[in-house]
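**Q** What follows is a single structure, and I will ask about it in a moment.
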Amino acid sequence: MQYTWNDIKQHVSACTLCPLSQTRHLPVMGRGDHQAGLMLIAEAPGNQEDQQGLPFVGRSGEILDKLLQDCGLTREEIYITNIVKCHPPSNRDPKEEEKKACFPYLKYETFLLKPRIIVCLGRVAAQRIISPDFKITSQHGAWTYRKDCSLTATYHPSAILRDPSKYELVKGDFDDAVKKLKQNTK
Ligand code: URA
Ligand code: SF4
């Protein structure tokens, strides 16, 4: 059977497939343009996201909006989601079993969206999506090609909050992704 966006959203909103369902307030489904060519994949909802049920509405979201704006894009033109849809207590890394339980949702999102470009934000997403030993420090901005999709990774916006000097580097990686998107090349 073919799931729709609404079906996925409904499943996520009532999901109890992993222990994060016991501590979350609201599950956080991905959000954005369902025709977008650019998909951003981050790690897990933070506190603000858990309260509002929406991705990137806290301080990381402000940085993300600035990055997008500086690249000539808005949140409405992209699609953004997370590896796990529920907030891990104290912002700890999601556990293997949690990432595994949640992965089908991401697969359906990706299947329905069919993005041309995927940018992973941070180590957790990069290691899950690109390669298990991916190192953001040395490999950020490097491209991998899979079927009809180009994939890369850069630092998570929260890394910029901790070290604002990383902004330009992440902006450079975003610029490359947007250039690819606009040129429609690989
Ligand atoms: N950080 C993430 O990784 N995801 C969000 O949705 C918000 C902050
Ligand atoms: Fe379900 Fe994913 Fe939330 Fe776990 S993190 S309860 S698998 S939606």
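**Q** Look at E43 and say whether it is more than 12 Å from ligand 2 (Cβ to nearest atom) and among the charged types (D, E, K, R).
**A** On the way: more than 12 Å from ligand 2 (Cβ to nearest atom): no; among the charged types (D, E, K, R): yes.
So E43 fails the test.
**Q** Can you tell me which residues in the range 101-127 are more than 16 Å from ligand 2 (Cβ to nearest atom), part of a helix (DSSP H, G or I) and not charged (D, E, K, R)? Talk me through it step by step, then tell me what you get.
**A** Going residue by residue through the range 101-127, those that are more than 16 Å from ligand 2 (Cβ to nearest atom) are 111-123, 126-127.
Then drop every residue that is not part of a helix (DSSP H, G or I), which leaves 111-113, 123, 126-127.
Within the range 101-127, F111, L112, L113, A126, Q127 meet the criteria.
**Q** Within the range 60-76, is there a residue that is within 16 Å of ligand 2 (Cβ to nearest atom), surrounded by fewer than 21 Cβ atoms within 10 Å (Cβ to Cβ) and under 14 Å from the mean Cα position of the chain (by Cα)? If you could, list the steps in order and put the result at the bottom.
**A** Step one: of the range 60-76, the residues within 16 Å of ligand 2 (Cβ to nearest atom) are none.
Among the residues of the range 60-76, not one is within 16 Å of ligand 2 (Cβ to nearest atom), surrounded by fewer than 21 Cβ atoms within 10 Å (Cβ to Cβ) and under 14 Å from the mean Cα position of the chain (by Cα), which makes the answer no.
**Q** Of all the residues that make up the range 128-185, how many are closer than 18 Å to Q69 by Cβ and assigned to a helix (DSSP H, G or I)?
**A** 20
**Q** Right, next: Would it be correct to say that D93 is exposed (fewer than 15 other Cβ atoms within 10 Å of the Cβ), within 13 Å of ligand 1 (Cβ to nearest atom) and within 30 Å of S165 (Cβ to Cβ)? Spell out how you get there, then give the answer.
**A** Numbers: exposed (fewer than 15 other Cβ atoms within 10 Å of the Cβ): yes; within 13 Å of ligand 1 (Cβ to nearest atom): yes; within 30 Å of S165 (Cβ to Cβ): yes.
So D93 fits the description; yes.
**Q** Any residue that is without any contact (Cβ under 8 Å) to a residue 24 or more places away in the chain and either under 15 Å from the mean Cα position of the chain (by Cα) or near ligand 1 (Cβ under 10 Å from one of its atoms) (or both) - is there at least one of those in the range 40-52? Full working, then the answer.
**A** Narrowing the range 40-52 to residues without any contact (Cβ under 8 Å) to a residue 24 or more places away in the chain: 48.
The next check asks that each one be either under 15 Å from the mean Cα position of the chain (by Cα) or near ligand 1 (Cβ under 10 Å from one of its atoms) (or both); those that pass are 48.
Yes, because at least one residue in the range 40-52 is without any contact (Cβ under 8 Å) to a residue 24 or more places away in the chain and either under 15 Å from the mean Cα position of the chain (by Cα) or near ligand 1 (Cβ under 10 Å from one of its atoms) (or both).
**Q** Within the range 140-168, restricting attention to residues that are closer than 16 Å to G61 by Cα and of a type in the set (F, W, Y), which residue is nearest to ligand 1 (Cβ to nearest atom)?
**A** Y155
All of the numbers you see were taken from the coordinates with simple rules; none came from a lab. Every value quoted in this text rests on a predicted model; they were computed, and no experiment measured them. Glycine also receives a Cβ, built like all others from the backbone with ideal geometry; neighbour counts cover every protein chain displayed.
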